[in-house]
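Below: the structure, in structure tokens.
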Amino acid sequence: GTPHKYDPTFKGPIYDRGCTDIICCVLLVVAIVGYVAVGVVAWTHGDPRKVIYPTDSRGQFCGQQGTPNAYVSPAMGVLGMPLEKPHIRLWGCSGPLWLSGIPLTHPRICVSRCPERFLTLLSAYGSGDMEYYRQFCVPGFDNPLKVSAGSPTPASSPAADPSSCWLPLSLFQSPVEVLKNKECPAMLIPSTPLARRCLPAVQAKQGVIMVGNETTYDDGSGRRRNVTELLEGAKKANVVLEARQLAMKIFEDYTVSWYWIIIGLVIAMLASLLFIVLLRYLAGIMVWVMMVLVILVLAYGIFHCYLEYAKLKGEAGSDVSLKDLGFQTDLRVYLHLRQTWLAFMIILCVVEVVIVLLLIFLRKRILIAIALIKEASRAIGHIMTSLLFPLCTFFLLCLCIAYWASTAVFLSTSNEAVYKVFNETACQYSGQTCMPETFNTSNVTKACPDAQCLFAFYGGESAYHKYLIALQFFNIFMFFWLANFVIALGQVTLAGAFASYYWAFKKPDDIPAFPLFSAFGRALRYHTGSLAFGSLILAIVQVIRVTLEYLDHRLKAADNKFAKFLLGCLKCCFWCLEKFIKFLNRNAYIMIAVYGTNFCASARNAFFLLMRNIIRVAVLDKVTDFLFFLGKLLIVGSVGILAFFFFTQRIKLVQDTAPSLNYYWVPILTVIVGSYLIAHGFFSVYGMCVDTLFLCFLEDLERHDGSTEKPYFMSPGLQKLLKKSNKGHPDA
């Protein structure tokens, strides 16, 4: 590209500018209107209860007021307070048919509690447990279950009393008829509620698989079966159960440590703010102190890992390898292995050596980077509102995420209840859709007397339901587009504010009033289309990456090595493309903020400007990024170490104050991740400031030569470091 020539009228961000990329602006507005329409349609048809609450065979929610599955408790009948039926039985007469993928022949029933013991229908009749058994039958079932009309009647039974209100025995069904009509299950299995569903209470005691403290059970037909036959259906449920138990323990840890986590995040925020303030006045000293402290923190980490490694020598079980141990939900187990601390020590040693070598070989470039950081500190000092601007970006991103998530949930739950014909004997109508309201009067019951119309799944055959996948795809695409647009708006706003600082010849006198708000107004008024254009390109690449990840997930079970290799190459290429587009967009937005050109022209000018100064870009820009990374590492590492010593009760002064936890890594990781996000928020402003000043610095070197007619706009500190000077402008 051709270097920019001197322009005597150029005094910083151009105010007399016009709208750019209008077509993309119109396209964004139309897409947002369409996105709102999709959200309205989804909210109209969707019902998130389908995700939370199970349904019975009629498609009715369990445990919901206003449905047949919410009844009035006799104890509260006067007050009329409903007692919900929150659980659903998933188990058919012959075992766990639901989880093993076999169509459920016995109706799914909503119950107020899960069975606690093994019990068969016949044994319930014989032992007088029908009152207990009846709650696991279909709604409305109230048959006392006498075996047959000819069965002997006990003398003590109510039927022997002429004044009894019992009906004649001939009016009652036999257990065979009840099972044939599928009104009650043949047996009950001890179950535990999981996600509002009753699943077998499988447990292992001394290596023996048991359900309800039993190893065998009666299947309702008089045969004894081993409880291991239930494992095939409960296998997936046990994984979910373990995950649920882990989630519950993590939730318990959060309930007792949340205020300490908040205190840790506040400390991280204060440390980040203090670091930024110190950079304003002691940039050079702070950078060198930061590098030394990072080296010392890593050195202490290596020393601590060695102490733990040496302390475990000779202890029982400490020499077990990580491969033999496998994955454990309790991460504290790994801290009792010597191999864990050895791995930590090796990783920290490698990081320490790499950082030391980089500091040695880049020491001269670090001086220029420090000068840029000093200049960025002065710019932020004059535009202090820039430190709060990331909160606006964060708020807008939260809105995008909330709208996308809610729309996705409503779209996924906007299907209608689909009923299908289930039967045990051969039937030509088996598997066909049916309507429960007209099923009993249809030809199906005449051709197949044992057929039932049961709820199968949520779906639909209308035009809306056929395009649900396309609507979900559009939802994901719009999320990426709007999220990238919000980030681009934040970048061009900060770039415009900091460019106003750099191109002020006499700082801070020539800095315009309210530079941040002026830049924000210019971005929205003139360059919404350009921001939409850049974010659209990035969103397309990101959607392609998501699609490739989905295909990779689907092909994991396949044995096509060529397809996996091709997919891996595509994933790598699009990952690199996304990184390059993000880099190009960031610099294009700086050019847009300064010159007011369209996206393509700004991207081209920024790219050629960087290519003409590739050495400075590769060294200076990346050195400043490395220094900012060290600053984040210092803040996160310091707060993380403090959290580790506090939650592991190793600080004697506050040893009794630390909460008792199931997993102490839960609050520690939360504090570390939160500290990184907080530090990243503060340093992202610095990063954008440095990138803006760096591009303005390169433009300054090309446009000006330091003469009286073409003086440099850079600070005297940068001029001195680069051995440049303004002739005839001692105050510049």
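The values are calculated or read from the model by the stated rules, or taken from the named source; none is laboratory data. No experiment lies behind these values; they were computed from the predicted model shown. Positions of Cβ are backbone-derived with ideal geometry, glycine not excepted, and every protein chain shown enters the neighbour counts. The accessibility values were calculated without ligands, DNA or RNA, using every heavy atom of the protein model including side chains. Shrake-Rupley method; radii C 1.70, N 1.55, O 1.52, S 1.80 Å.
Going down the table (507/724; 571/632; 571/622; 622/720; 507/622), which pairs top 20 Å between alpha carbons? Distance filter (> 20 Å) returns 571/632; 571/622; 622/720; 507/622. By definition, a body whose alpha carbon gyration tensor gives a ≥ b ≥ c is oblate when a/c is 1.5 or more and a/b is not larger than b/c, and region 359-414 fits this oblate description. In terms of its C-alpha gyration tensor, region 547-649 comes out oblate, because a/c is 1.5 or above while a/b does not outweigh b/c. Highest-first packing order for the peptide set 492-501, 14-23 is 492-501, 14-23, based on the mean count of other beta carbon atoms within 10 Å. Taking amide H atoms as placed 1.01 Å from N in the peptide plane, the amide H of residue 456 lies under 5 Å from those of 418, 419, 420, each 5 or more residues away in sequence or on another chain. In region 418-458, the inverse of the mean reciprocal separation of distinct Cα atoms equals 9.9 Å; this is its Kirkwood hydrodynamic radius.
Per-atom-type breakdown for region 418-458 gives carbon and sulfur 52% of the accessible area (1.4 Å probe, protein chains only). Over every Cα atom in region 463-545, the radius of gyration and the widest Cα-Cα span, Dmax, amount to 18.2, 65 Å. 3J(HN,Hα) couplings calculated from phi for region 373-379 with the Karplus curve 6.51 cos²θ - 1.76 cosθ + 1.60 (θ = phi - 60°) are, in sequence order, 5, 4, 5, 5, 5, 5, 5 Hz; Gly and Pro show x. Less than 5 angstrom separates the built amide H of residue 47 from those of 413, 414, all sequence-distant by 5 or more or on a different chain. Shown in residue order for region 588-602 are the 3J(HN,Hα) couplings computed by the Karplus curve 6.51 cos²θ - 1.76 cosθ + 1.60 at θ = phi - 60°: 5, 5, 5, 5, 5, 5, 8, 9, x, 7, 6, 5, 5, 5, 5 Hz (x for Gly and Pro). Note that region 304-384 presents 59 Å² accessible area per residue, ligands and nucleic acids not counted, probe 1.4 Å. The mean accessible area for residues of region 605-723, using a 1.4 Å probe and ignoring ligands and nucleic acids, is 41 Å² per residue. Averaged over residues, the count of other Cβ atoms within 10 Å places the peptides 26-35, 375-384, 698-707 in the sequence 375-384, 698-707, 26-35, highest first. Accessible area per residue was computed with a 1.4 Å probe on protein heavy atoms; residue 410 scores about 50 Å². A straight line joining the Cα centroids of region 374-398 and region 654-680 runs 27 Å.
Residues 602, 127 ordered from highest to lowest accessible area at a 1.4 Å probe: 127, 602. Annotation: average projected area of region 491-531 is 2.7 square nanometres, based on the convex hull of Cα atoms across all directions. Residues whose amide H lies under 5 Å from that of residue 199, counting only those 5 or more places away or on a different chain, are 192, 194; hydrogens are built 1.01 Å from N in the peptide plane. Taking θ as phi - 60° and the Karplus parameters 6.51, -1.76 and 1.60, the scalar couplings of region 480-485 work out to 5, 5, 5, 5, 5, 5 Hz in sequence order, x denoting glycine and proline. In the context of the full set of protein chains, residues of region 418-458 present 61 Å² of accessible surface per residue (probe radius 1.4 Å, heavy atoms only). Taking a ≥ b ≥ c as the square roots of the eigenvalues of the Cα gyration tensor, region 263-418 is classed as oblate, since a/c reaches at least 1.5 and a/b does not exceed b/c.
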